[in-house]
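The values are calculated or read from the model by the stated rules, or taken from the named source; none is laboratory data. Note that this is a predicted model, so its numbers are computed, not measured. Cβ: placed from backbone, ideal geometry, glycine included. Neighbour counts: every protein chain shown.
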Amino acid sequence: MAQEVFWRRKTLREMTPKEWESLCDGCALCCLHKIEDEDTQEVFYTTVVCHLLDLNNCRCTEYEKRCQLVPSCIKLAPQDVEEFGWLPPSCAYRLVHEGKDLPEWHPLLSGDTQSVIRANASVLSYYEVRDNEITEEQLIHFVID
């Protein structure tokens, strides 16, 4: 019998760095700016995307330095899984943590890094403007209903 895939037999904390990174489907939805209600802690996504995002392939142009260049950028880590509720429902990190299956368009299943884009499950289906094209005060006008 074939061995079960790593994301079904390991917890996020048990994964190697390579396995962890491979879970990212490349949707870049986490690169959308979010606004948090200070009273309720509810997180609202906007259609404003980080200026470091390459809009051709949904990848960060400065991945290794992203948190230095954009201090508000959050580097996902296995020890933070309890705080992943703000991630989009389709995010593989969130799905694995919740014991759910990956979507069929996930590159680990499709074998194609562009399948998330073709499935219209990437940030390219949502974003309107880059963060360096608006002011911080304007961010509220781009909240997704």
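Once region 36-69 is narrowed to residues that are more than 17 Å from PHE142 (Cβ to Cβ) and of a type in the set (Val, Ile, Thr), the residue that is nearest to the chain's Cα centre (by Cα) is THR61. The set of residues from region 90-104 being over 11 Å from TRP7 (Cβ atoms), modelled with pLDDT of 95 or more and under 15 Å from the mean Cα position of the chain (by Cα) comprises just one member, PRO103. Look at region 3-21: where a residue is free of Cβ contacts under 8 Å to residues at least 24 places away in the same chain and a partner is assigned to a helix (DSSP H, G or I) and exposed (fewer than 11 other Cβ atoms within 10 Å of the Cβ), sitting 6+ places away or on another chain with Cβ atoms under 9 Å, you get GLN3/ARG9. For residues that are without any contact (Cβ under 8 Å) to a residue 12 or more places away in the chain and either more than 25 Å from ASP37 (Cα to Cα) or buried (at least 16 other Cβ atoms within 10 Å of the Cβ) (or both), tally how many sit in region 77-103. Looking only at that region, the number is 5. Within region 39-48, the set of residues being modelled with pLDDT under 90 and in a loop (DSSP other than H, G, I, E, B) comprises GLN41, GLU42. The set of residues from region 129-145 being touching a residue at least 40 places away in the same chain (Cβ under 8 Å), β-branched (Val, Ile, Thr) and either under 10 Å from HIS33 (Cβ atoms) or outside any helix (DSSP H, G or I) (or both) comprises VAL129, ILE134, VAL143, ILE144.
Selection of region 105-145 for residues being farther than 27 Å from GLU4 by Cβ and either of a type in the set (A, V, I, L, M, F, W, C) or in contact with a Lys or Arg (Cβ under 9 Å, 6 or more places away or on another chain) (or both) yields ILE117, VAL123, LEU124, VAL129, ILE134, LEU139, ILE140, PHE142, VAL143, ILE144.
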